[in-house]
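Engineer: The following block contains the structure, expressed as structure tokens.
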Amino acid sequence: MTGFPADRRGAGGAVNAGRMLVLLAVAAIAAAGASTGEARAQGKVPMQLAPPESLTRGGGGSGNAPGDTAPAADAFTPSGEIVVQRLGGIDREVVGLLAPGQGGLDVDVWRGSSRALVADLLRSVPGTIASPSLRDLVRRLLLTSAPPPVSAGVDNVSILALRGRLLVAMGEPSDADALVAAASRHALGPELAWPAFDARLLTGDAAGACRLVRELGGQLTSIEGQKALIFCQLLAEQKDPAQFGLSLLRERRAESDTLYFTLAEGLAFGYPPRTGEAVAAGAVTPLNLALLRMAWAEVPGWFAEQASPGIVEAIARTPDLAEGVRLAAAIRAEAAGALPAADLRALFEQLKVTPQELASALTIADTEKPARAVALLYLAARAQTVPAARAEALQRMWEIAAQYGVRGTAARLAAPLLAEIPLLSGFSWFAGTASRMSLLAGDLPRALGWYDTAAAASGADPVALETATALWPLVRLALGDVRRLPPAPAQVPAADVAREDVVVTGAVRVSTREPVTIVETLPLDSKIALPWDRRKIDRWVETDFERHRDVAPARAGMMLALLDAVGDPVRDTLWRATLPGLQDGGASKPAAKPSTPPIAATEPAFRLGLDRAAAAGRQGEAILFAAAVLGGRDAGSVDPATLHAIVDGLARIGFPDLARAVARDAAVASGL
């Protein structure tokens, strides 16, 4: 790769050179702005080059930007003398896309919180939030229109910009762009522009991103700003300024981002850049993904593996990638909430799979990479018209997804297929998987229906008894004493197997009279519940210890902590069973050697912070603490005390149903 000679002018020369780059680059980009789309449209670049709507579209902004002049107003002094004063500007940090009562949270969601602490929490929350329910709550918080947290007078960080950055990382670039647009009708500074810049790159709107760069003009003096300027020069095919800019960046010793320099230099000097695994280091950023697209370069495996949900979602939507990279990215994006399950199904259905592969999917799935194995088993289940065969394929898909750490993705993928399998006692072998899938997919009536099916057959079927025993605390955790549910679809095709004329469950009525079989959903705009039963929880603990002896204390501790967090009356004698070495009444009996790695405890400051924020009713702060504590970790790697704090904290700040959903997700995801 061609390099650039180092300039020996020293630090002062580097600063002046940086300023020169900004002036030259802005002038070049401004001159090329009108022809940007045409210039790149002649090449095969998979990104939208036509400018989108203006950044100021839709109005919706509020408040004066720093430096704006507010209208004058007359006022009277106590002596009656008239003086002229300026109205205080409305803080544009109030801006949001969701109003309180219309999808947004309370208007006082930040009341009592420190601006500096909220800023730190916004930086701490990862783009991946393991619980879909908690992720949705965080998104609503970030989009809520509400007065920002108070400042101590020394921290002028933009909470709005941090909200935008987190939305981009979470895989919500359109939300981030719209949020900035609503707030920036007067002025756009670099801090607020970067979330919109990244958002537009991720959605393929490179021309719109470069329009932001032109608007910022000479304000882009940082290394990241200069890298953005060079990208826009390359987009406009301004190779000479781009070459000069790259030499100045090297002068500023900014070469650590190997991927950026490899791609940018290749485009600027006209030689094919090294692609794929040949480039082993660099920043995983929307800008580098845009450069990969511009160069038609292969996305390195390490890049996709380290990417945030926002970048992974953009990778998944790039049609010309290698199948393995795109499948893995799409599954990760769905698991993180950045890609709808329907889009993942559509991607799977575009795969080239032979009839022989579908017919032998259960056999060959073990030899495939996990992402393709999940896709193959989904397609095999979809192709099956016999309910038992479909259930078998879904069962295997669930097992592989569990090993891959994407149980929730498998559940959401399978939801439409699962709806067509009848709730019959003959499927007791599948009832446990089906109920757990339904729980993770949010289909509580079907989850209850599968539990009821197993419970009804448990008197004569040992498998059904074991399944009902294992499911009871999970379904109880999800439903509690009373849940009001929306209506479900009116009817679903069911089995071709004739059994009893009618089987009644808690949520559905299954009619199986030949020759037509229909599952008819009963009206569900009503209350359903699974009452607390002391005997059933005792039975679960006893049975779980028999089946999972080595890890039973940890499993029981997790389940009992979650049940306690949602307010169920867990007795002291049950807690005693979770103490290693004290089972069977033997205080001196050594604990069984654990077969799983120990669970790492969360930093006490985070857990205590969550508890204090919840106790004081600081809603937004408590939500961010919960998201920072849970993050993208699989629930099985989070200690029960931390999960208890998260669930209990969410219930205390006014989200009891969501707290149950988080507990439900954690329990199933941890393998209970």
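Engineer: Find the percent of Cα-Cα distances in the stretch 370-447 that exceed 20 Å, and round it to a whole number.
Structural biologist: Values: 603 of 3003 pairs.
Distances greater than 20 Å cover 20 percent of the Cα pairs.
Engineer: Could you give the length gained on full extension between residue 124 and residue 306, defined as 0.36 nm per residue of separation minus the Cα-Cα distance, in nm? Don't skip to the end; give the middle numbers.
Structural biologist: Details: separation 182, 0.36 × 182 = 65.52 nm, distance 1.69 nm.
Answer, rounded to one decimal: 63.8 nm.
Engineer: A further question on this structure: If each residue of separation counts as 0.36 nm, what is the full-extension length gain between residue 364 and residue 106 once their alpha-carbon separation is subtracted?
Structural biologist: On the way: separation 258, 0.36 × 258 = 92.88 nm, distance 5.19 nm.
Here the answer is 87.7 nm.
Engineer: Then there is this: Taking a probe of 1.4 Å, how large is the accessible area per residue of the stretch 215-260, in Å²?
Structural biologist: Using a 1.4 Å probe on heavy atoms only, each residue of the stretch 215-260 averages 38 Å².
Engineer: Using a 7 Å offset from the Cα along the Cα-to-Cβ direction at both residue 481 and residue 258, what is the distance between the two label points in nm, to one decimal?
Structural biologist: It works out to 6.2 nm between the two label points.
Engineer: Please give, to one decimal in nm, the separation of the simple spin-label points placed at residue 545 and residue 611, each 7 Å out from Cα toward the Cβ.
Structural biologist: The modelled label-to-label distance comes out at 2.8 nm.
Engineer: How large is ³J(HN,Hα) for each residue in the stretch 245-250, as worked out from phi by the Karplus curve 6.51 cos²θ - 1.76 cosθ + 1.60 (θ = phi - 60°), to whole Hz, x for Gly and Pro?
Structural biologist: So the J values, rounded to whole Hz, are x, 5, 5, 5, 5, 5.
Engineer: Still on this structure, I have one more. Report, by chain and number, residues whose modeled amide H sits under 5 Å from the one on residue 150, excluding near sequence neighbours (fewer than 5 apart, same chain).
Structural biologist: Close amide H contacts, sequence-distant or interchain: 112, 113, 115.
Engineer: PRE reach from residue 575 (point 7 Å along Cα→Cβ): which of the stretch 641-659 fall under 20 Å by backbone N?
Structural biologist: 641-652
Engineer: Rank by packing, highest mean first: peptides 137-150, 553-566, 346-359, 454-467, with packing defined as the count of other Cβ atoms within 10 Å averaged across residues. Write out the running numbers ahead of the final one.
Structural biologist: Values: 137-150: 20.9, 553-566: 23.1, 346-359: 13.3, 454-467: 17.9.
Ranked by mean Cβ neighbours within 10 Å, highest first: 553-566, 137-150, 454-467, 346-359.
Engineer: On full extension of the chain, what length is gained from residue 215 through residue 351, given 0.36 nm per residue of separation minus the C-alpha to C-alpha distance? Before the final figure, lay out each step's value.
Structural biologist: On the way: separation 136, 0.36 × 136 = 48.96 nm, distance 4.25 nm.
Taking 0.36 nm per residue and subtracting the Cα distance, the gain is 44.7 nm.
Engineer: Would you give the gap between the C-alpha center of the stretch 449-472 and the C-alpha center of the stretch 204-250, rounded to a whole Å?
Structural biologist: What the calculation gives is 63 Å, centre to centre.
Engineer: Packing-wise, with mean Cβ within 10 Å as the measure, how do 327-336, 382-391 rank, highest first?
Structural biologist: Details: 327-336: 25.6, 382-391: 16.8.
Highest-to-lowest ranking by the protection proxy: 327-336, 382-391.
Engineer: Still on this structure, please answer the following. Per-residue HN-Hα couplings for the stretch 639-648, Karplus 6.51 cos²θ - 1.76 cosθ + 1.60 at θ = phi - 60°, whole Hz, x for Gly and Pro?
Structural biologist: 3J(HN,Hα) across the stretch 639-648, in whole Hz: 5, x, 4, 5, 4, 4, 5, 5, 5, 4.
Engineer: Something else now. For the residue pair residue 151 and residue 222, what label-to-label distance in nm results when each label sits 7 Å from Cα along the Cα-to-beta-carbon direction?
Structural biologist: Distance between the two pseudo-spin positions: 1.7 nm.
The values are calculated or read from the model by the stated rules, or taken from the named source; none is laboratory data. This one's a predicted model, so the numbers in the text were calculated from it and none came from an experiment. Quick reminder, even Gly has a Cβ in these numbers, built from the backbone with ideal geometry, and neighbours come from all protein chains shown. Please note that ligands, DNA and RNA were not included when accessible areas were found on the heavy atoms of the full protein model with its side chains. Shrake-Rupley method; radii C 1.70, N 1.55, O 1.52, S 1.80 Å.
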